[in-house]
Every structure is written in structure tokens, then in C-alpha cells.
Amino acid sequence: MGPVDTLWRWLAGSRDAVARRAEELGLAGAARVAARTLGEELSDDELHDWQLETLSAFLDRLVHDPDGELPTASEVGAAETCATFISRLPAARIAQISHVLAVFEAGAVVLPGAHARKRFTRLDPPDQDAYLSGWATSDLPQRRTIFAALKSIGGIGYWSRDATWAPIGYSIEDNPGVPDHAKSGGSS
Amino acid sequence: MTEPGSMTRASDLDEVQLETDVLVVGLGAGGSMVFHELARAGVDVLACELGGEYEPEAMTCREDEMLPRLFMEGGARATRDFSVRILQGKGVGGSTIHNTNLCKRLPDEILRQWRDEHGLDGLTPEALEEDFAYVEQLMGVKRIPDERVNAQNAVLERGLDALNYAGGRMSHNRSHTDCKESGFCELGCPNNGKQNAAKVLVPAGLEAGGRVITGAQVTQLKERNSEVVGAHVAAVDPVDGRVQGHIGIRCERVVLAASATGSPSLYKASSLPDPNRLVGTNLHMHPAAVVMGAFDRDDDAPINGWLGNPQSVECTEVLEYEHDSDKRAWIVTGFAHPAGASTFVPGFGAEHTALMKKYGRLASLIVMLHDHSAGRVSPADGQAVNIDYKLSGEDYRALEVGIKAAGRLMLAAGAREVIAPLVQPVRATNEAQLDAAFTADNLGPLDPPLAAVHPMSTMWMGTTPENSVVDADGRHHLVRNLWVADGSLFPTSIGGPPQIPIYTFGRRVARAMLATM
């Protein structure tokens, strides 16, 4: 059993051990372990394609309209908008988001839960939802933090797209207080 | 290199050495007031602002574009444990570019505490009257009229009336000519409607001969024999902070006005004297929770909270300033455009999406805590800062009181359902459910998610170096010719909007400095 397996098995152990180890590792340390687990490259200054795939899959579960009135995150290019937004952030925040995505993608492989033991992007949608629920409602603050960070970034990527506004009744174009210069162009 | 009355980008000044009498670090409310007062008094004053200058035409009203421009760390700044998101402004005007223009003086009880418990004997309402009046006249403060109260604030007014709760209409510093009630205060006004630091103070200071450098991050203050003598400045991209060059500044005096996180971080990064280890401690921030109400019955009028003036009304029913009170919540309407709102709408997937589709039917209230918890700030890489802050048990109890009051206001105003974004979201249709859902025991880190926009108190006023960092005039106790003029000055949380107090103390600092020149 290699060191990575040992670490992840230990992490999947008792709650106290998980919390303590998470505290010791920190997000950056956990992200490096995660990337090694996945066999993927990890950078502090950019997102790799596999991380954009994670983000895209997360977004497709974050906003899901059974009535079909809202476009999917993939349809509006929400992940690409997120990537552009992230690229404008200070270096430390880009690194943080890179680490968050790595831990989130790898967690599905190793952490206990009702989902199948595959990386997040390989799970079926119902298993992805179960996995997301585990992060959103976890009694470990670190996991809730990661969910909240992804939700915040994802919200910018999705809800800043014009195509998402009509179904929620929002509009810049129809806002009488907005001057013409802010109504021209924009993200569609 | 920089002429009187000029605003220059730091990236155009690489490897330049500048001289000035007074260096002002940061052009938020406090720094802009100091800049204004000193320039108009004929002082050679140079201000460095790490953000950019944004004309109204640059305000695009788009969250993904304006957050990186107007907010520190793109709006992603948070405490180290991520339990509180901290939104602080950058740019010429600082947080006054994105604030919602609420204007209030310091409460008399807060001033009494500062006099009695911090030795600041001169800070009486009478002594501050002339400065408050000057600021209010200069910044155009006026009561928000009936016709500028939007549907969301009308909800709060209905709730106040129905419950006979204390509170009422507030004052603001918008121009009733230029403000078109776009609802985009928080992303920068596209109509130049705010009578803020960028519109009122900085141009007048430039006209009087002051100089401004933008995209200029002061990274170190230089000190010799316990006296500031200059600063090192990094020319940075105003959006992402990438370093583009370096500038040296020689000066006689420095005013730190980089906010209650930026000022102590710069001080500590400069290794300036701090024998009592006070700088950066005592951090208060008014952490706030959101409570939503659904007005989604067929005969309910839409709320559309993004239209009109975001905040016009306050509830002070559960806002007391006595130390042992558990009523320490200031309640105003909360508001965000879709991306920002989505972070507070609970859950994900179909449940979250269903609520977002009710966006136009959701009213929201912010429960902002007059906090007793004290955190600390320390420097980190680039423009980041380390912020450590944990809410105490008594503050969670006060938050519980505030959240329940906000829920009652919503129900009294006619909400069908009260929604609060706890880990297990609360959805209550009556007061009994509301009371059962919220106890101080079920509140904790990220439960509910909190945001703060008023960091303060980290270089506070007092009488001695053992009990404070600066004196009542904002002058540093230990380092000569160093002054502080931002929210760091306040010894305690103030329980309300800080812009008028910060402008006011900026004026006082400038006056005290002029008396030494």
C-alpha cells in the first residue's frame, strides 16, 4: 500500500482524524495529494483542462431545471465564463481555486459516501448529486467551505450570462435606470 | 514626472523616485478626505491607490466584469477558515464606489464608550457636530424620499409598521439628479449618481494641486529613527495585481488609509515598531447573515429587489450598544444581482434552481451584527491578507436574535415563507417554526454563511501605546509623522454604516496634521 493510499484511507477514517489531518494538510497539501491520486498535473497559476471539466460538471449539477426553462450550464458556456473570471483574480486566489477543484474531483474516488468510487466527472448524475450533497451538508467545515467556494464561482459563471436572465425575470436591457453604455454588448 | 493636479498610472512611472510632503496610502473615504483637506490647504500631497480610476462609462453593470475591478481579491477575500466572506473596495474612491450610500453618524452610546472606556474624552457629540455637519453638507447627505423607496424596502417598512418595531427611513448621499435608481450601486454607479469620494473629494483635491497615482500598491514604509521617511511602491495591474514596476517615494509624513485590513498589513510588513503587539488585532467587521422572504402567491406584487435604491430603511428594534445586550443586530434590506444572490439561495440542483426562478419574488434582509468578537489581520502575498476571526458564543446568540427578528419582519410584511440558508435550510411559514428552527446552538462556521463589508478597529485610537495604536487625532503613538485615517481608528464596532464616521475622522486627522505643519 503506497503512501497516497495510506493517506486517503486514514482520511476516510474517524471524523476527528479527518478534521485534524485536513487542518494539517491545508488546502494546498490536500490538492497535491488529490492530483497524485488522479494522475493529473496541478498548477498554482492556471486551471488545466481536467479541472475545467470538473467545474463544468459541477455547474451542470448546480443549476438543474426539470422544467427546461433555464439553459444548462454547458449551453451557456458557464465554465468558460468562470475560467475568464478566475484568470483576472490575484495569483493567490487562482491557486486556491485550482486546489479546490483538485480536492473536489479526487474526493469522489476516496471519500466514503453513497456514490460509486469514481472521480467526480465520471460519476452518473444521481451519484454526482449524492456526492455534492455530502459536501454541502458535511459537518466538516473544510468540506462545506469547498462546496461554498465552488458554488460562488459557479454562480458567477452561470448567472452572469444573459441567457439565464429571462426565466428569472432579471434584465439589464429593460432597466430604466441603466444608461445606454451599459446596455450595449455584454455576455450572451 | 507627476505634475500638481495629475492622476497618473504607476506603470507609467517605473523606476521613478518621487518626493512629497505627505503620502496618503489609499483613496477610500478616509484617505480621500485627507487628500481633499490637505490639498485645499496648500499642502504638497501625493496619494497612492492600488486600484484603478473608473469613470461612469467604465461601469458595465456586469458582475463578472466589475467584481475583479472594484473589489479586493476579486470579491473572493475571506477569513482564513472561509467562514466570513469579506467584501472590500479598491479603486479611486475605495469602498465608496460600491457602497449603498447609507449615511449615519456615530451613535451617542458608542461615543460614550469611547470616552469612558478608551479615554477619548474629547469625542462628544457636541465636539464632533461641526465635523459631522461639514461632511454631510459636502457629501450631499439627505433623507431618502418616499418616491425612492423600492418594493423590497417597502417590505421592510410594512414589517416595521405591522410589528411597531423601531427603525425607519435612512439618509443617503446620492444626487437626486444624477441617480437614475438603476440598482447597480454595488457594482459601481453607471450614472455617476453617488456623491462619493471619487466624485466629490478627489477631483477637488486634484484641482487644488494634489497628485494621485493609481495602480500603486505601497508595499513598504521606510522608517529611520522611529520616523517615517518614505515608501516603496509596486506598480500593479489594478485588476489582477500583477507587478509591473517599482517606484520610490521620499516624504515627510504618511497617512495610512488602506482600510482596517490593508493599513495594519502594510505596517506589519514594514516591520515598524509594535512592542505591545497590538497592530492588526481587535478586528471587528459587522458580520452579516441573510434572511429571505418569499412573496410568491398569485396576488403578491413582485419584489424585483435589483431595481431602485438597494437600501432605504433600517430596523433598530434589536440594536443596542450596551456590552451585555444580546440585541446587537442592525437590519437593513439585503440585495444582490443574480450571481451574488445565488450564493445565499440555499442548496443546489432542482431545489436551488426553483428558488432562483423566484428571484423576482424574493425579498431579503441583512442581519448585520454589532460584533464583540475580535480577530486579527496579518500580511500575506501580493494583495492578499490573512484574516483570522471567529464568532464568539455571545455573538452567535445575538445573531440568532437578529435572524429571528428579520424572519418576523418578513412574515409580518406578508411573506408566505421565510428562507434562511443554513446547512439544513430553514423554511418557515410561521413564527413557531421560525423560533424552533433557530437556536444559537445550531449556528456555527458557514452555518449560516456570513459576509462582512465593514472591517474596522485594527489600529485604534486611545491614550497610550499600551492600550492603543494611535491617539485621538489618528497620530501613531510610537512612529513619528505616521497617521491613520480609515476604519482602523474605531476602538469598537460601531453598529452601523461607517462612511460618514470615516469621512469625519479623516477630516479630523487632516486638521490635526495641519496643526503640526
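Identify the residue in segment A:45-83 that is more than 7 Å from every other protein chain (Cβ to nearest Cβ) and of a type in the set (Ser, Thr, Tyr) and, among all such residues, is nearest to A:Lys118 (Cα to Cα).
That would be A:Thr54.
Which residue is surrounded by the fewest Cβ atoms within 10 Å (Cβ to Cβ), if the candidates are limited to segment B:340-370 and must be more than 30 Å from A:Asp127 (Cα to Cα) and aliphatic (A, V, I, L, M)? Show your work before the answer.
Narrowing segment B:340-370 to residues more than 30 Å from A:Asp127 (Cα to Cα): B:360-370.
Retained after the next criterion (residues that are aliphatic (A, V, I, L, M)): B:362-363, B:365-369.
Details: B:Leu362: 24, B:Ala363: 27, B:Leu365: 30, B:Ile366: 22, B:Val367: 29, B:Met368: 30, B:Leu369: 27.
Looking at residues that are more than 30 Å from A:Asp127 (Cα to Cα) and aliphatic (A, V, I, L, M), I get B:Ile366.
Which condition number does B:Ile86 fail, the rest of (1) aliphatic (A, V, I, L, M); (2) more than 16 Å from B:Ala452 (Cα to Cα); (3) touching a residue at least 24 places away in the same chain (Cβ under 8 Å) being met?
Against the list (1) aliphatic (A, V, I, L, M); (2) more than 16 Å from B:Ala452 (Cα to Cα); (3) touching a residue at least 24 places away in the same chain (Cβ under 8 Å), B:Ile86 comes up short only on (2).
Please determine, by comparing only the residues of segment B:239-265 that are under 19 Å from the mean Cα position of the chain (by Cα) and in a loop (DSSP other than H, G, I, E, B), which one is nearest to the other protein chains (Cβ to nearest Cβ). Explain how you work it out, then say what you get.
Quick first cut of segment B:239-265, residues under 19 Å from the mean Cα position of the chain (by Cα) only: B:255-265.
Checking which are in a loop (DSSP other than H, G, I, E, B) leaves us with B:257-258.
Values: B:Ala257: 21, B:Ala258: 16 Å.
Checked segment B:239-265; the qualifying residue nearest to the other protein chains (Cβ to nearest Cβ) is B:Ala258.
Report yes if some residue within segment B:227-238 is farther than 26 Å from B:Asp14 by Cβ and away from chain A (no Cβ under 14 Å); otherwise report no.
Step one: filter segment B:227-238 for residues farther than 26 Å from B:Asp14 by Cβ, giving B:227.
Next, only the ones that are away from chain A (no Cβ under 14 Å) stay: B:227.
Checked segment B:227-238: at least one residue is farther than 26 Å from B:Asp14 by Cβ and away from chain A (no Cβ under 14 Å).
May I ask you to list the residues in segment B:57-66 that are within 7 Å of another protein chain (Cβ to nearest Cβ) and either among the β-branched types (Val, Ile, Thr) or assigned to a helix (DSSP H, G or I) (or both)?
Initially, segment B:57-66 is screened for residues within 7 Å of another protein chain (Cβ to nearest Cβ), giving B:57, B:59-64.
Selection gives B:Glu57, B:Thr60, B:Glu63, B:Asp64.
Considering each residue of segment B:401-451, count those that are within 14 Å of chain A (Cβ to nearest Cβ) and over 19 Å from A:Thr137 (Cβ atoms), and give that number.
Residues in segment B:401-451 being within 14 Å of chain A (Cβ to nearest Cβ) and over 19 Å from A:Thr137 (Cβ atoms): 1 in total.
Go through B:Lys199, B:Lys194 for me and flag whichever is away from every other protein chain (no Cβ under 14 Å), buried (at least 21 other Cβ atoms within 10 Å of the Cβ) and not aliphatic (A, V, I, L, M).
Values: B:Lys194 fails: away from every other protein chain (no Cβ under 14 Å).
Being away from every other protein chain (no Cβ under 14 Å), buried (at least 21 other Cβ atoms within 10 Å of the Cβ) and not aliphatic (A, V, I, L, M) holds for just one of B:Lys199, B:Lys194, which is B:Lys199.
Give me a count of the residues in segment A:57-81 that are of a type outside the set (S, T, N, Q), over 16 Å from A:Ile146 (Cα atoms), touching an Asp or Glu at 6+ places or on another chain (Cβ under 9 Å) and not in a loop (DSSP other than H, G, I, E, B). Don't jump to the end; show me each part of the working.
We begin by selecting, within segment A:57-81, every residue of a type outside the set (S, T, N, Q); these are A:57-71, A:73, A:75-80.
Then keep just the ones that are over 16 Å from A:Ile146 (Cα atoms); that gives A:60, A:63-71, A:73, A:75-80.
From the residues that got through so far, the ones that are touching an Asp or Glu at 6+ places or on another chain (Cβ under 9 Å) too are A:64, A:71, A:73, A:76, A:78-79.
Still in the running and not in a loop (DSSP other than H, G, I, E, B): A:78-79.
Residues in segment A:57-81 being of a type outside the set (S, T, N, Q), over 16 Å from A:Ile146 (Cα atoms), touching an Asp or Glu at 6+ places or on another chain (Cβ under 9 Å) and not in a loop (DSSP other than H, G, I, E, B): 2 in total.
Could you go through segment B:334-353 and let me know if any residue there is among the charged types (D, E, K, R) and farther than 29 Å from A:Gly154 by Cβ.
Our first condition is that a residue be among the charged types (D, E, K, R); within segment B:334-353, this holds for B:351.
So of that shortlist, the ones also farther than 29 Å from A:Gly154 by Cβ come out as none.
Within segment B:334-353, none of the residues are among the charged types (D, E, K, R) and farther than 29 Å from A:Gly154 by Cβ.
Just to verify a result, which residue in segment A:145-167, among those that are surrounded by fewer than 20 Cβ atoms within 10 Å (Cβ to Cβ) and in contact (Cβ under 8 Å) with a residue 12 or more places away in the chain, is farthest from B:Asp64 (Cα to Cα)?
A:Pro167
Whether any residue in segment B:23-35 is over 30 Å from A:Pro176 (Cα atoms), away from chain A (no Cβ under 14 Å) and surrounded by fewer than 20 Cβ atoms within 10 Å (Cβ to Cβ) is what I want to check. Step through it out loud before you land on a result.
Taking segment B:23-35 as the starting set, the residues that turn out to be over 30 Å from A:Pro176 (Cα atoms) are B:23-27, B:30-35.
Applying the additional criterion that residues be away from chain A (no Cβ under 14 Å) yields B:23-27, B:30-35.
Then keep just the ones that are surrounded by fewer than 20 Cβ atoms within 10 Å (Cβ to Cβ); that gives none.
No, because not a single residue in segment B:23-35 is over 30 Å from A:Pro176 (Cα atoms), away from chain A (no Cβ under 14 Å) and surrounded by fewer than 20 Cβ atoms within 10 Å (Cβ to Cβ).
Does B:Leu50 qualify as being touching a Cys at 6+ places or on another chain (Cβ under 6 Å), in contact (Cβ under 8 Å) with a residue 60 or more places away in the chain, within 19 Å of B:Ala260 (Cα to Cα) and crowded, with 24+ Cβ neighbours inside 10 Å? Quick ask: steps written out before the conclusion?
Numbers: touching a Cys at 6+ places or on another chain (Cβ under 6 Å): no; in contact (Cβ under 8 Å) with a residue 60 or more places away in the chain: yes; within 19 Å of B:Ala260 (Cα to Cα): yes; crowded, with 24+ Cβ neighbours inside 10 Å: yes.
The answer is no for B:Leu50.
Among the residues that make up segment B:73-82, is at least one of them touching a Pro at 6+ places or on another chain (Cβ under 7 Å), within 14 Å of another protein chain (Cβ to nearest Cβ), part of a loop (DSSP other than H, G, I, E, B) and more than 23 Å from A:Val178 (Cβ to Cβ)?
Within segment B:73-82, the subset touching a Pro at 6+ places or on another chain (Cβ under 7 Å) is B:73-74, B:81.
So of that shortlist, the ones also within 14 Å of another protein chain (Cβ to nearest Cβ) come out as B:73-74, B:81.
Next, from what is left, pick out any that are part of a loop (DSSP other than H, G, I, E, B): B:81.
After this cut, where a residue has to be more than 23 Å from A:Val178 (Cβ to Cβ) as well, the list is B:81.
Checking segment B:73-82: at least one residue is touching a Pro at 6+ places or on another chain (Cβ under 7 Å), within 14 Å of another protein chain (Cβ to nearest Cβ), part of a loop (DSSP other than H, G, I, E, B) and more than 23 Å from A:Val178 (Cβ to Cβ).
Could you please let me know if B:Pro497 is touching a Cys at 6+ places or on another chain (Cβ under 9 Å) and either in contact (Cβ under 8 Å) with a residue 24 or more places away in the chain or among the charged types (D, E, K, R) (or both)? Steps first, answer last, please.
Values: touching a Cys at 6+ places or on another chain (Cβ under 9 Å): yes; either in contact (Cβ under 8 Å) with a residue 24 or more places away in the chain or among the charged types (D, E, K, R) (or both): yes.
Taking the combined requirement at face value, the residue satisfies it.
Mind checking which pairs have a first residue in segment B:468-482 that is touching a residue at least 12 places away in the same chain (Cβ under 8 Å) and a second that is of a type in the set (Lys, Arg), Cβ under 8 Å, 6 or more apart or different chains?
The qualifying pairs are B:Asp473/B:Arg508; B:Gly474/B:Arg508; B:Asn481/B:Arg253; B:Leu482/B:Arg253; B:Leu482/B:Arg475.
If I go through segment B:308-320 residue by residue, how many of them are away from chain A (no Cβ under 14 Å), touching a Gly at 6+ places or on another chain (Cβ under 7 Å) and in a loop (DSSP other than H, G, I, E, B)?
Adding up the residues that qualify gives 3.
Here are some residues: B:Gly168, B:Gly119. Which one is within 25 Å of the chain's Cα centre (by Cα), on the phi > 0 side of the Ramachandran plot and in contact (Cβ under 8 Å) with a residue 24 or more places away in the chain?
Details: B:Gly119 fails: within 25 Å of the chain's Cα centre (by Cα).
Exactly one of B:Gly168, B:Gly119 is within 25 Å of the chain's Cα centre (by Cα), on the phi > 0 side of the Ramachandran plot and in contact (Cβ under 8 Å) with a residue 24 or more places away in the chain, namely B:Gly168.
Answer yes or no as to whether A:Leu150 is in contact with a helix residue (DSSP H, G or I) (Cβ under 6 Å, 6 or more places away or on another chain), outside any helix (DSSP H, G or I) and not hydroxyl-bearing (Ser, Thr, Tyr). Please lay out each step first, then the result.
Details: in contact with a helix residue (DSSP H, G or I) (Cβ under 6 Å, 6 or more places away or on another chain): yes; outside any helix (DSSP H, G or I): no; not hydroxyl-bearing (Ser, Thr, Tyr): yes.
So A:Leu150 fails the test.
Give the residue that is surrounded by the most Cβ atoms within 10 Å (Cβ to Cβ), with candidates limited to residues of segment B:266-307 that are in contact with a Lys or Arg (Cβ under 7 Å, 6 or more places away or on another chain) and not in a loop (DSSP other than H, G, I, E, B).
For segment B:266-307, the residue satisfying everything is B:Leu283.
I'm checking my understanding of the structure. Among residues of segment A:114-144 that are away from chain B (no Cβ under 14 Å) and at pLDDT below 90, which one is surrounded by the fewest Cβ atoms within 10 Å (Cβ to Cβ)?
Ranking the candidates gives A:Ala114 first.
Filter segment B:183-238 down to residues that are closer than 13 Å to B:Cys251 by Cβ and among the charged types (D, E, K, R), then give me how many there are.
Residues in segment B:183-238 being closer than 13 Å to B:Cys251 by Cβ and among the charged types (D, E, K, R): 5 in total.
Is it the case, given these coordinates, that B:Thr463 is in contact (Cβ under 8 Å) with a residue 24 or more places away in the chain, buried (at least 20 other Cβ atoms within 10 Å of the Cβ) and among the hydroxyl-bearing types (Ser, Thr, Tyr)? Don't jump to the end; show me each part of the working.
Working: in contact (Cβ under 8 Å) with a residue 24 or more places away in the chain: yes; buried (at least 20 other Cβ atoms within 10 Å of the Cβ): no; among the hydroxyl-bearing types (Ser, Thr, Tyr): yes.
Here the answer is no, as B:Thr463 does not meet what is asked.
Under 6 Å by Cβ, and 6 or more places apart or on different chains, what pairs join a residue from segment B:200-219 that is closer than 20 Å to B:Ser11 by Cα with one that is buried (at least 24 other Cβ atoms within 10 Å of the Cβ) and among the β-branched types (Val, Ile, Thr)?
Going by the 6 Å Cβ cut-off, the qualifying pairs are B:Gly210/B:Val45; B:Gly215/B:Val236; B:Ala216/B:Val233; B:Gln217/B:Val236; B:Val218/B:Val25; B:Val218/B:Val233.
Quick test of your reading of the structure: B:Glu130 fulfils all but one of (1) touching a Pro at 6+ places or on another chain (Cβ under 8 Å); (2) loosely packed, with under 15 Cβ neighbours inside 10 Å. Name the failing condition by number.
The number of the failed condition is (1).
One line per residue, one yes/no per condition, for (1) within 14 Å of chain A (Cβ to nearest Cβ); (2) assigned to a loop (DSSP other than H, G, I, E, B); (3) under 18 Å from B:Arg376 (Cα atoms):
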{"residue": "B:Thr463", "(1), (2), (3)": "no, yes, no"}
{"residue": "B:Ala472", "(1), (2), (3)": "no, yes, no"}
{"residue": "B:Ser493", "(1), (2), (3)": "no, yes, yes"}
{"residue": "B:Ile500", "(1), (2), (3)": "no, no, no"}
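Output the residues belonging to segment B:1-17 that are within 12 Å of B:Ala47 (Cα to Cα) and in a strand (DSSP E or B). First the steps, then the outcome.
Restricting attention to segment B:1-17, the residues satisfying the condition of being within 12 Å of B:Ala47 (Cα to Cα) are B:2, B:4-10.
Hits for segment B:1-17 are B:Met7, B:Thr8, B:Arg9.
Which one of these does A:Arg117 not meet: (1) more than 26 Å from B:Ile303 (Cβ to Cβ); (2) touching a strand residue (DSSP E or B) at 6+ places or on another chain (Cβ under 6 Å)?
A:Arg117 satisfies every listed condition except (2).
The values are calculated or read from the model by the stated rules, or taken from the named source; none is laboratory data. This is a predicted model, so every value here is computed, not measured. Note that each Cβ is placed from the backbone with ideal geometry, even for glycine, and that neighbours are counted across all protein chains shown.
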